[in-house]
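One structure below.
The values are calculated or read from the model by the stated rules, or taken from the named source; none is laboratory data. For clarity, every value in this text was computed on a predicted model and none was experimentally measured. Cβ placement follows ideal geometry from the backbone for every residue including glycine, while neighbour counts extend to all protein chains displayed. To get the accessible areas, we keep the full protein, side chains included, count just its heavy atoms, and leave off ligands, DNA and RNA. Shrake-Rupley method; radii C 1.70, N 1.55, O 1.52, S 1.80 Å.
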Amino acid sequence: MKIAILSRNTRLYSTTRLIEAGKKRGHEIRVVDPLLCYMNITSHHPSVHYKGEPLTGYQAVIPRIGASVTFYGTAVVRQFEMMGVYSVNESVAITRSRDKLRSLQLLARKGIGLPITGFGHSTKYTNDLIKLVGGAPLVIKMLEGTQGIGVVLAETHKAAESVIEAFSGVKANILVQEFIKESEATDIRCFVIGSKVVATMKRIGKEGEFRSNIHRGGRTEAVKITPEERSTAIRAAKIMGLNVAGVDLLRSNHGPVVMEVNSSPGLEGIEQSSKKDIAGMIYDFIEKNAKPGKTGTRGQG
Ligand code: ADP
Ligand code: MG
């Protein structure tokens, strides 16, 4: 098959592995930087142009859209969908997953376990908002942060108030969340492909850090998940509409809670800790599911 990987950087571990695994299976693989794509969206024959030429004959795209380029990147994915090209994750699902609030509301609607979460715009009733979610200690998050940046633990009511006011002062949208202390700076990444959890890993925050992100110095370990955790992860990915997803869970006193669902989950940590060929499994899925014109939404939404 002729497959495009939408990625800004061919040297990233995940991109390198996707190129390698695709070629090994005999696919024709090209890495396309979504920010260098341009298109005429009103044409009767939708197309995507790249480096002076139209991209033609592609049967599938693998979007690896970084958080900072979500807006333009998803427009490029949508254009491929309009052309009838199969996208492993559809543009609407990627957009959904990038907004923490929207994601949590969608998951809550379907009864997925979540940390108690609230949000507000005005700081007039901050005091009441803090009480509404159970009081300090509280986690305060910027809605569009990634890699642990913009996630703060406020240990006291006063600290929570100050942090909320500070974020509000710089016009950052935030959510406030129950601090799951019992997870002990550890979360569980479930790598979902289709309707299966294909690999899992535990991430443990470095000494003195409550955030387990690898970018914040966290380390990984193998972990066995419970059937409840497995079904929660699969359901969460399905609700978001993602075929490939990294579902992050916390082990709370009230069962597994979903913290977030990632639409471009990294391959490095999970392949190394699980010793599985996840990039290859993504191609297994594409080979089974990418039929011409089978885009689900065809760019709608
Ligand atoms: P990001 O998108 O920046 O990774 P997350 O919501 O995943 O933001 O939070 C970053 C890290 O902070 C998580 O991996 C987890 O270790 C910790 N964390 C986030 N929310 C909570 C919470 N409610 N209770 C305990 N720890 C949390
Ligand atoms: Mg995270």
Please go through region 233-251 and pick out each residue that is within 16 Å of ligand 2 (Cβ to nearest atom) and either more than 15 Å from VAL88 (Cα to Cα) or open to solvent by 60 Å² or more (accessible area, probe 1.4 Å) (or both). ALA233, ALA236, VAL247, ASP248, LEU249, LEU250, ARG251
Tell me, yes or no, whether region 198-220 has at least one residue that is within 25 Å of LEU101 (Cα to Cα), without any contact (Cβ under 8 Å) to a residue 40 or more places away in the chain, surrounded by fewer than 19 Cβ atoms within 10 Å (Cβ to Cβ) and touching a helix residue (DSSP H, G or I) at 6+ places or on another chain (Cβ under 9 Å). yes
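Answer yes or no: is there a residue in region 134-145 that is part of a helix (DSSP H, G or I) and either in contact (Cβ under 8 Å) with a residue 40 or more places away in the chain or open to solvent by 20 Å² or more (accessible area, probe 1.4 Å) (or both).
no
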Would you mind finding the one in ILE174, ILE149 that is within 12 Å of ligand 1 (Cβ to nearest atom), open to solvent by 50 Å² or more (accessible area, probe 1.4 Å) and either assigned by TED's automatic domain parsing to the domain that holds SER87 or touching a helix residue (DSSP H, G or I) at 6+ places or on another chain (Cβ under 9 Å) (or both)? ILE149
Return the total of residues in region 152-178 being within 15 Å of ligand 2 (Cβ to nearest atom) and modelled with pLDDT of 95 or more. 3
Could you check, for region 48-67, whether at least one of its residues is open to solvent by less than 30 Å² (accessible area, probe 1.4 Å), part of a helix (DSSP H, G or I) and under 20 Å from ILE286 (Cβ atoms)? no
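Limited to region 129-151, what total is found for residues that are within 16 Å of ligand 2 (Cβ to nearest atom) and within 13 Å of LYS181 (Cβ to Cβ)?
1
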Yes or no: THR156 in contact (Cβ under 8 Å) with a residue 12 or more places away in the chain, more than 9 Å from ligand 1 (Cβ to nearest atom) and crowded, with 18+ Cβ neighbours inside 10 Å? no
Can you go through ASN9, ASN40 and tell me which one is free of Cβ contacts under 8 Å to residues at least 40 places away in the same chain and either part of a strand (DSSP E or B) or over 20 Å from the mean Cα position of the chain (by Cα) (or both)? ASN40
Qualifying residues in region 254-284 (those that are open to solvent by 20 Å² or more (accessible area, probe 1.4 Å) and among the polar types (S, T, N, Q)) - the one nearest to ligand 2 (Cβ to nearest atom): ASN262
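Only one of ARG102, ARG78, ARG109 is at pLDDT 95 or above and either open to solvent by less than 50 Å² (accessible area, probe 1.4 Å) or farther than 24 Å from PHE285 by Cα (or both). Can you tell me which?
Among ARG102, ARG78, ARG109, only ARG109 is at pLDDT 95 or above and either open to solvent by less than 50 Å² (accessible area, probe 1.4 Å) or farther than 24 Å from PHE285 by Cα (or both).
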